[in-house]
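Taking it in order: structure first as structure tokens, then the write-up.
The values are calculated or read from the model by the stated rules, or taken from the named source; none is laboratory data. Here the structure is a predicted model, which is why all the values come from computation and not from measurement. Cβ coordinates were reconstructed from backbone atoms using ideal geometry, including for glycine residues, and neighbour counts include every protein chain displayed. What goes into the accessible areas is simple: the full protein's heavy atoms, side chains included, and nothing from ligands, DNA or RNA. Shrake-Rupley method; radii C 1.70, N 1.55, O 1.52, S 1.80 Å.
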Amino acid sequence: MNLPLPPEQIERAARIYRTSREAAAAIGCSSVHFQRLCKRYGIPTPIQRRKQNAAPLSRTERVIRQAEWDNQQHQYAADVGR
């Protein structure tokens, strides 16, 4: 028997768990069904919630992170080449 899930239960699972797969397992449905229910009720999935809460980087921060990444890659290549 397929009982409907109340939106409050879906919203709570989306807030508590880190992934849609974990939330779906907790409420007893597939992850695809969980994502469809979130879309139907206008509830952000766990990944959407994390993306909303993430602050965008400024251009300067992006340049600094890219330089650090390039430096790490260069260092790794030098270490492997030995």
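Pairing each residue of region 21-33 that is among the charged types (D, E, K, R) with any residue that is in a helix (DSSP H, G or I) and open to solvent by 70 Å² or more (accessible area, probe 1.4 Å), provided the two are 6+ apart or on different chains, yields no C-beta distance under 8 Å.
Remark: pairs (first residue in region 39-60, assigned to a loop (DSSP other than H, G, I, E, B); second residue open to solvent by 90 Å² or more (accessible area, probe 1.4 Å); Cβ separation under 8 Å; 6+ apart in sequence or on different chains) = 44/52; 57/65. The set of residues in region 15-29 being touching a helix residue (DSSP H, G or I) at 6+ places or on another chain (Cβ under 6 Å) and either among the aliphatic types (A, V, I, L, M) or part of a helix (DSSP H, G or I) (or both) consists of 20, 21, 23, 24, 26, 27.
State all residues of region 49-59 that are among the polar types (S, T, N, Q) and open to solvent by less than 90 Å² (accessible area, probe 1.4 Å); if no residue qualifies, say none.
Correct list: 58 only.
Given the structure, is residue 36 open to solvent by less than 90 Å² (accessible area, probe 1.4 Å) and among the basic types (Lys, Arg)? No; evaluated as a whole, the condition is false for this residue. Take the conditions (1) open to solvent by less than 90 Å² (accessible area, probe 1.4 Å); (2) at pLDDT 95 or above; residue 21 misses just one of them, which is (1).
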